[in-house]
Amino acid sequence: MSESLGVAVLASGSGTNLQAIIDRLHVPANVHVHVEAVIGSRPGIGALERAERHAIPTHTHPPVDDGGDWLRETLEVSGAGLVVLAGWLKLIPASVVRSLRGRIINIHPALLPSFGGPGMYGRRVHEAVVESGARVSGATVHFVDEIYDHGAIIAQWPVPVLAVDDAEALASRVLAVEHRLLPAVVEAYAEGRFELSAAGRVAWAGSWYSGDEFKMVSSKTTD
Ligand code: GRF
């Protein structure tokens, strides 16, 4: 692969997943990927500060619902080949999904198709998992379609739910694997290992994803 993939990262919060992408992929030694732009859903969020610290161009979504015009134009001008939702809370407008189908991915802090959909974000996801009595949670990276947390699943990383877990403890362990899964998927995309097929399924070019890459993780990691 000769050309570097430019990635636009969309974030609404502190941006630790963005940081994981920067640390793992936005480095001189990596000729496959660079972060082209970071778009924040509102001013002053940690993700925008992190981007600025790394001299990555930033944009802030205007506080209007324009049907996706601003976002589509901003992404087009950025020239990004892949759009990564890393803690982005807004629904991507259908017009943007249509123009970038197969080039937008999202990370969700549970094992979809469970514990996803409208209103299922942040702490609420982990509260629902703990409340349900499920013994396994994890992280999911999927293609984005017109429905919240619904597009084709690319990769997942399971995390055990411990008997002593509250939402906060579980969130912390899931976040630690998010930081490993998301850069790995972005890199695999840059290397042309998978794509969204015309039938809406994930088509793998090789054997990269067998699930064996991502083992159950129970240790607590902090960032
Ligand atoms: C992560 O758990 C992500 O999966 C979810 O929101 C959280 C964002 O964390 N969508 P951060 O902003 O990357 O730190």
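Selection over the range 3-59 of residues that are on the phi > 0 side of the Ramachandran plot and either surrounded by fewer than 18 Cβ atoms within 10 Å (Cβ to Cβ) or away from the ligand (no atom under 11 Å from the Cβ) (or both) gives a count of 2. Among the residues of the range 67-95, those that are on the phi > 0 side of the Ramachandran plot and in contact (Cβ under 8 Å) with a residue 40 or more places away in the chain comprise 79, 87. Set side by side, the residues 168, 213, 191 differ, and just one is closer than 23 Å to residue 7 by Cβ and in contact with a helix residue (DSSP H, G or I) (Cβ under 8 Å, 6 or more places away or on another chain), which is 213. Checking 67, 117, 87 one by one, the residue that is in a loop (DSSP other than H, G, I, E, B) and within 12 Å of the ligand (Cβ to nearest atom) is 87 and no other.
Considered as a group, the residues in the range 142-171 that are closer than 14 Å to residue 195 by Cα and aliphatic (A, V, I, L, M) include one that is farthest from the ligand (Cβ to nearest atom), and that residue is 152.
Any chance the range 62-70 includes a residue that's closer than 24 Å to residue 190 by Cα and either surrounded by 18 or more Cβ atoms within 10 Å (Cβ to Cβ) or at pLDDT below 95 (or both)? Looking for residues that are closer than 24 Å to residue 190 by Cα and either surrounded by 18 or more Cβ atoms within 10 Å (Cβ to Cβ) or at pLDDT below 95 (or both), one finds none in the range 62-70, hence no.
Restricting to strands (runs of 3 or more DSSP E) lying wholly in the range 144-223: which have 2 or more residues that are in contact (Cβ under 8 Å) with a residue 24 or more places away in the chain and more than 20 Å from residue 84 (Cβ to Cβ)? So that I can check it myself, show each step before the final result.
Numbers: elements: 153-160, 194-196, 202-204.
Here the list reads 153-160.
The values are calculated or read from the model by the stated rules, or taken from the named source; none is laboratory data. Note that the structure is a prediction, hence the values are computed from the model and not measured. Positions of Cβ are generated from backbone atoms using ideal geometry, with glycine treated the same way; all protein chains shown enter the neighbour counts.
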